[in-house]
1. Given segment 31-198, what whole percent of its Cα pairs are spread farther than 28 Å?
2. Tell me, what is the percent relative contact order of segment 31-198, built from C-alpha pairs under 8 Å that lie six or more residues apart?
3. Kindly give the semi-axes, whole Å and largest first, of the ellipsoid equivalent to segment 120-194, taking each as the square root of 5 times a Cα gyration tensor eigenvalue.
4. Treat the count of other C-beta atoms within 10 Å as a stand-in for reagent exposure and order 72, 25 from fewest to most.
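All of the numbers you see were taken from the coordinates with simple rules; none came from a lab. Keep in mind it's a predicted model, so treat the numbers as computed, not measured. Here the Cβ is made from the backbone with ideal geometry for all residues, glycine too, and neighbour counts use every protein chain on show.
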């Protein structure tokens with residue numbers, strides 16, 4: 001019996017020690033990197049209020065863990081490297097922040113709108129590929145639409161495809177993916193500028 005108690009205590013100590021040595025979970029967020037695809041609009045330009053309504057992601061990315069490509073047909077879920085919020089929400093806020101840097105300030109919102117917001121141009125994005133790879137290329141492919149609301153004119157659809165190289169760690173992968181969303185935001189900003197330029201000018 002004494003031998004059995006010693007064995008059980010040893011197993012418990014090993015188990016407790018193993019739990020204590022687990023690495024701490026790290027949390028990441030994408031950061032604003034405004035693309036140079038479209039130059040900032042002058043503040044004097046009358047720009048319709050813009051709203052980012054929705055961002056759709058592939059199901060395999062809709063999870064807390066950062067997902068990276070580990071092979072042709074395999075992916076890796078980082079148990080201790082996670083997104084700080086749902087990824088679709090992070091990307092929607094980031095697109096709005098990037099657009100605000102290229103369009104007049106205080107004219108970009110994220111759904112749900114605040115009471116009193118009068119959104120005239122809505123942005124919807126469908127990301128079909130948002131692939132991270134440590135020590136390799138990160139890829140974004142997306143379809144998007146900018147459309148006028150409540151009968152307002154202007155509807156532009158487009159596609160964005162971009163690649164950015166990343167280093168070996170997850171921080172580098174997230175930085176590369178931030179740059180990819182910056183390039184997507186630049187394409188959308190260019191479409192909004194096109195909508196504004198095409199609007200009939202009112203006579204005073």
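1. Here the tail beyond 28 Å accounts for 23 percent of pairs.
2. Relative CO of segment 31-198 lands at 29 percent.
3. In descending order the semi-axes read 30, 10, 9 Å.
4. The order, fewest Cβ neighbours first, is 72, 25.
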